[in-house]
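Asks: Please see the structure below; I have some questions.
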């Protein structure tokens, strides 16, 4: 990770540690970098948080001042930006979003011309420019100054693409959608309606400050209650920029990313569309997923946490399905990033083809109790390297043996250490997580 860019772009509290000056300089650099040999064309999308407009205008000012033409998708999802970049021939795309973070945070995600997350070496060049370590970039003048173009048609083409993917009508299905008062609010319902579903929607009235607030994939209890109350067949919850999806089965139970990987992976294996019968997971995936995969001959690989690393593994090996427990699921045949709405469509495909319920399909996986706690720290590495912290982590590993595991890692987007324990009971999870957290607090 760099000084500003983490595993998911440049993220921080709006006008505190991510400012309009930062955004302007990012735009200045990208407009120049991609415009060295031709007039750069950049597409921008944003989520619904209040500061997204401010950052959009700052980026546009920087890009056009460097000579780039900027195409505005307006409020849309991160995967739609990726889709438009790679299908419409743009030099790069920018998504203004802090994903699942609260409304006062925001972020700048940069997507290269292939629809992938921007290369680390280019991110480093942007950081050097922000910090004044490189020469000043010349301003475009006269007819070389860039312009802005309304490009809502690009978002509409993405919606059409999603609608084209399912091969069966959804007309027999009653579906609940939690749009998290975010980007999915402008897309998800229209897709499901077009496919014939009886669609019930909550949290699709964004006001700039209610994105992710007690809703969406990070607060799925509202959708659980809604599915049970309405007697729905299935529910889907997205995060702020709709690159994540978690599901709720017909009984109101949460179907997380691990269970989605199992349900979709097993189905793709059965129909011969899963290369090497392989799914790609992260180190956060539950032991129960792997035990269930072993029973049905589904193979798996692990990467570091972050859909960026999952995708890199998939591209390197040609794998078709991968993702994270948090709901970033990548179907590489159709997308180059996690796509929440696409994920919900692929789950619908399995339900309709198998003629059964999501609860029945997911019941084959016995999830081990798991507890994750975050601790806010000022120096992540110093805490992790402290001898007392190392000692308590090793002791917990020894105590758990083969009946569980502990994972302690740095957040890639926030000043947090994450402590996760899996064990045979929730009480043991609490005990061991508590030991590690208390040790960390004692040395701070």
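Asks: Determine the gain in length on full extension of the stretch residue 381-residue 291; use 0.36 nm per residue of separation and subtract their C-alpha separation, reporting nm with one decimal.
Replies: 29.1 nm
Asks: Could you rank the peptides 359-370, 229-240, 76-87 by their average count of other C-beta atoms within 10 Å per residue, with the highest value first?
Replies: 76-87, 229-240, 359-370
Asks: What distance in nm separates the simple spin-label points at residue 168 and residue 275, each placed 7 Å from Cα in the Cβ direction?
Replies: About 2.7 nm separates the two model spin labels.
Asks: In whole angstrom, how far apart do the alpha carbon centroids of segment 95-110 and segment 62-77 sit?
Replies: After rounding, the separation between the Cα centres reads 17 Å.
Asks: Also, quick follow-up: Sort out for me the Cα centre separation of segment 330-371 from segment 1-42, rounded to whole Å.
Replies: Each part reduced to its Cα centre gives a spacing of 34 Å.
Asks: In terms of the Cα gyration tensor, with a ≥ b ≥ c the square roots of its eigenvalues, is segment 41-132 rounded because a/c is under 1.5, prolate because a/b exceeds b/c, or oblate?
Replies: On the way: a/c = 1.31, a/b = 1.09, b/c = 1.20.
Rounded is the answer for segment 41-132, as its axis ratio a/c remains below 1.5.
Asks: Another question, if that's okay. Rounded to the nearest 0.05, what FRET efficiency do residue 156 and residue 87 give with R0 = 22 Å and r taken as the Cβ-Cβ distance? Could you check?
Replies: 0.95
Asks: Next question, about the same structure. Given the chain, what percent of its DSSP beta bridges are antiparallel, to the nearest 5?
Replies: Numbers: 34 of 64 bridges.
In the chain, DSSP labels about 55 percent of beta bridges as antiparallel.
Asks: Follow-up. Normalised by the number of residues in segment 1-135, what is the relative contact order in percent for Cα pairs under 8 Å and 6+ residues apart?
Replies: Numbers: 267 pairs, mean separation 39.6, N = 135.
It comes to 29 percent, rounded to a whole number.
Asks: Stretched out fully, how many nm does the piece from residue 334 to residue 230 gain, at 0.36 nm a residue minus the Cα gap? Could the numbers behind the result be given before it?
Replies: Values: separation 104, 0.36 × 104 = 37.44 nm, distance 3.18 nm.
Answer, rounded to one decimal: 34.3 nm.
Asks: Full extension from residue 403 to residue 302: what is 0.36 nm times the residue separation minus their Cα-Cα distance, to one decimal in nm? Display every interim value, and only then the final one.
Replies: Working: separation 101, 0.36 × 101 = 36.36 nm, distance 1.89 nm.
Computed gain between residue 403 and residue 302 is 34.5 nm.
Asks: Can I ask one more? Contact order normalised by length for the chain, with contacts defined as Cα pairs under 8 Å and 6 or more residues apart; what percent is it?
Replies: 13 percent
Asks: What is the Cα centroid distance between segment 246-284 and segment 155-217, reported in whole angstrom?
Replies: 21 Å
Asks: Please sort 164-174, 107-117, 91-101 by packing, taking for each peptide the average over its residues of neighbouring beta carbons within 10 angstrom, highest first.
Replies: 91-101, 107-117, 164-174
Asks: May I pose another question? Compare 396, 75, 42 in a GNM of the chain, Cα atoms joined below 10 Å, and give the one with the largest fluctuation.
Replies: 396
Asks: Here is a further query. Can you bin segment 25-84 into rounded, prolate or oblate? Criterion: square roots of the alpha carbon gyration tensor eigenvalues sorted a ≥ b ≥ c, rounded for a/c under 1.5, prolate for a/b above b/c, oblate for the rest.
Replies: oblate
Asks: In segment 159-265, what % of DSSP beta bridges are antiparallel (nearest 5)?
Replies: Counting only bridges with both partners in segment 159-265, antiparallel ones make up about 40 percent.
Asks: Then there's this: How large is the helix-only mean residue ellipticity at 222 nm for the chain, computed as the sum of -39500 (n - 2.57) over DSSP H runs with n ≥ 4, divided by its residue count, in deg cm²/dmol to the nearest 500?
Replies: Taken over the chain, the calculation gives -12000 deg cm²/dmol.
Asks: With every atom except the alpha carbons ignored, what do you get for Rg and Dmax of segment 131-181, in angstroms?
Replies: Here Rg and the maximum Cα pair distance are 22.0, 61 Å.
Asks: Rounded, prolate or oblate: which fits segment 166-266, taking a ≥ b ≥ c as square roots of the Cα gyration tensor eigenvalues, rounded meaning a/c under 1.5, else prolate when a/b beats b/c?
Replies: Rounded is the answer for segment 166-266, as its axis ratio a/c remains below 1.5.
Any read-out appearing in this document is the output of simple, stated calculations on the displayed coordinates, not a laboratory observation. Treat the numbers as computed from the prediction; the structure is a model and nothing was measured. So basically every Cβ, Gly included, is an ideal-geometry build from the backbone, and we count neighbours across all protein chains shown.
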